[in-house]
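S.K.: Here it is: the structure, laid out below.
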Amino acid sequence: MNTKNHLFSPLLIFTLIFSLFLNGCYSSAPPEKELAPTTAAPFSEASAENYEHFEEAQLKAQKEFEQQMEDLFISEISGRQIDLHFLLKDPSAYGITKAESPYGHFSLDSINESIEDQQSLKKSLETYDPALLTEQQRLTLRILQSILRIEDKSYGLELYSQPLAVTIGVQAQLPILLSEYIFYRKEDVDDYLDLLANIDEYYKELLDFQRLKAEAGLMMSNTVLDHLIESCESYLLTTDNNFMIDTFNSRLDTLSDLTEEEKNAYRQKNEELLKSDFIPAYQLLIDGLNELRGTGVNEKGLCGFPDGKKYYEYLVYSATGTSYPSIEELLKDMELLMNKQLAKTSLLLRFHPELAEELDTYAYRQTEPEDIMEELKVLSLEEFPSLAECSYTLKSVPKSLELSLSPAFYLVSPIDDYQNNVIYINENPRFATNELYNTIAHEGYPGHLYQNVYFHTHCDSNIRNILSSKGFSEGWATYVEYLSYMMDNGLRPEMGELLAANSIATLGLHACLDVYINYMGWDREQVREYLMNYYEDPGELTDALYNAMIENPANYLSYYVGCMELMNMRETAEKELGERFDAKEFHTFLLDIGEAPFDVIQAYFTAWLKEQKK
């Protein structure tokens, strides 16, 4: 998992909640219409004049596009203080002095304003002739247009948006961002305290939105509601267990230009605001959600709501950016990949029966987080391009939040400060079965951290910093996590292959159930029968998986479908290039493209493959 800074505008084209802002620029474009005849025409004054007009039109279009993208970047990044701070260490260098508001706004009015902005942008982009733009600009144009096409699917379904969710909702993620709000200067402390002072007002807007959902018959069931309330209760922090105090004090100590008297005043103000605004904000959510108990009667997935199936389709394309034309075709290949991986595990166990006994005893060469990071940093050089030097900090999720957060997550570094990176690891016993080695590969090298730093050092397009594609970013991290099982990590090769295949098959099972429950309308009994194809006795797993898919629809698909798209491209490249296939070249191609919907990437992949064949 990774957290994103554009948190609170569910229908904005740049804001897929908590997705990385990792993007790159590609130096080769798929074939456009021919700009000149393949055979040189005789030179004439007329042809020279035509060329001059064409060149003039090019320069004009490129300049206009560049200016519009820069205006769009500034407009988006300066809208919310929480975004601005995490994206830029020094906003003044970009001509930005202050954000418009602490968190922005979450309401039907703000969503409708976003839709109007999207439509206006869509019309504006249609005026550009791609042939007149640079290769990087054409890629940006295609990505924007693809994202806008996906957003079209959401119009009229605004009340289906769910900003509050058990694991990936605003209420679960925001405190971690606040605790990581770096103090570069005194003004940052003031901005942070302003964020604390306004959190209750922002949560009132989220609660009002829930009330509108309830009035429209779109409220979550009591089962989901109870889990959401439990998540909120994790943030009713006490004085003796308050990570918001501890992290604030440690960040404050790094400011050498503050006197001890000023620091003490800030410490007191922080504790006051936690008591007067932060904790009451969560109590407000708890009380408000309890008042809505019983208003949600749909115990099934999203398709149990009137237009839920339609909204789920939007969520799938928004979360994955998949190149598949329909959910049905996507599901078919999802199950195909899952069953191929299961068949692989069966073959490995058949020819190496001793692996079954070794499943309880195998061990990686490195077991400590920092040792794992350093080993992966070296091992990645074999199949991935080299990376600029950067630092990282590994932190543990606060004890009070272990039940509310994911197994691990990476916090994206600012655009202008890629050197400093943070990874959180959840040490709760419920994640004890998760492979720490492969989790760190997902979040660190060659996963999110690696991808983020590579972007920062290979692309100078500001707008690409905030054009997010969760399917690509999580797909990349899942894909390299899969590869990490088979690196020179201390496991015997057959064990690495077995664990890798099992990891994808398990994730595939979750993703397929996500579709069956939220799109096909399966109930708990159908889920149990499906699980019996893979488990002798699913037991409590049936309810656990059913609830997880209802609480966070399409979440698993970001990881699985994104990974599947990348694996499909690699399989195609290996098949067509044979011995000439170079994994490092393939990975460099993907990293240079950066985050983008897969319908865009596929066109570039076709051109890349054609070039490789030469």
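S.K.: Counting only residues that are touching a helix residue (DSSP H, G or I) at 6+ places or on another chain (Cβ under 6 Å), assigned to a loop (DSSP other than H, G, I, E, B) and among the aliphatic types (A, V, I, L, M), how many does the range 420-465 have?
M.R.: Total satisfying the criteria: 0.
This table checks each residue for (1) of a type in the set (Phe, Trp, Tyr); (2) closer than 26 Å to PRO597 by Cβ; (3) open to solvent by less than 40 Å² (accessible area, probe 1.4 Å).
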position: ASP83; (1), (2), (3): no, yes, yes
position: ASP90; (1), (2), (3): no, no, no
position: GLU116; (1), (2), (3): no, yes, no
position: GLU126; (1), (2), (3): no, yes, no
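S.K.: Out of the residues in the range 584-608 that are among the small types (Gly, Ala, Ser) and within 24 Å of the chain's Cα centre (by Cα), which is nearest to VAL561 (Cα to Cα)?
M.R.: ALA596
S.K.: Would you mind finding the one in LYS123, LYS89 that is assigned to a helix (DSSP H, G or I) and not hydroxyl-bearing (Ser, Thr, Tyr)?
M.R.: LYS123
S.K.: Does any residue in the range 382-397 that is more than 18 Å from ILE593 (Cβ to Cβ) and in contact (Cβ under 8 Å) with a residue 40 or more places away in the chain come within less than 6 Å, Cβ to Cβ, of a residue that is open to solvent by 50 Å² or more (accessible area, probe 1.4 Å) and among the β-branched types (Val, Ile, Thr) six or more places away or on a different chain, and which pairs are these?
M.R.: As it stands, the answer is ALA388/THR457, since those pairs meet every condition given.
S.K.: Residue by residue through the range 92-103, note down the ones that are surrounded by 15 or more Cβ atoms within 10 Å (Cβ to Cβ) and assigned to a helix (DSSP H, G or I).
M.R.: The answer is TYR94, and nothing else.
S.K.: Determine if the range 503-516 includes at least one residue that is in contact with a Lys or Arg (Cβ under 7 Å, 6 or more places away or on another chain), open to solvent by 10 Å² or more (accessible area, probe 1.4 Å) and without any contact (Cβ under 8 Å) to a residue 12 or more places away in the chain.
M.R.: no
S.K.: Of everything in the range 173-188, what is open to solvent by less than 20 Å² (accessible area, probe 1.4 Å) and either among the β-branched types (Val, Ile, Thr) or under 18 Å from LYS204 (Cβ atoms) (or both)? Give them in sequence order.
M.R.: LEU174, PRO175, ILE176, LEU178
S.K.: Considering the range 78-109 alone, what residues qualify as being β-branched (Val, Ile, Thr) and within 20 Å of SER468 (Cα to Cα)?
M.R.: ILE82
S.K.: What's the number of the condition PRO553 fails, among (1) over 25 Å from LEU342 (Cα atoms); (2) buried (at least 23 other Cβ atoms within 10 Å of the Cβ)?
M.R.: With respect to (1) over 25 Å from LEU342 (Cα atoms); (2) buried (at least 23 other Cβ atoms within 10 Å of the Cβ), PRO553 is out only on (1).
S.K.: Could you tell me which numbered condition LEU403 fails, if it satisfies all but one of (1) surrounded by 23 or more Cβ atoms within 10 Å (Cβ to Cβ); (2) modelled with pLDDT under 95; (3) more than 15 Å from the chain's Cα centre (by Cα)?
M.R.: For LEU403, the exception is condition (1).
The values are calculated or read from the model by the stated rules, or taken from the named source; none is laboratory data. Fair warning: this is a prediction, and the values are worked out from it, not measured in the lab. For neighbour counting, all protein chains shown are included, and Cβ atoms are generated from backbone atoms with ideal geometry for every residue, glycine included. In case anyone asks, the SASA skips ligands and DNA or RNA and just uses the protein heavy atoms, side chains included. Shrake-Rupley method; radii C 1.70, N 1.55, O 1.52, S 1.80 Å.
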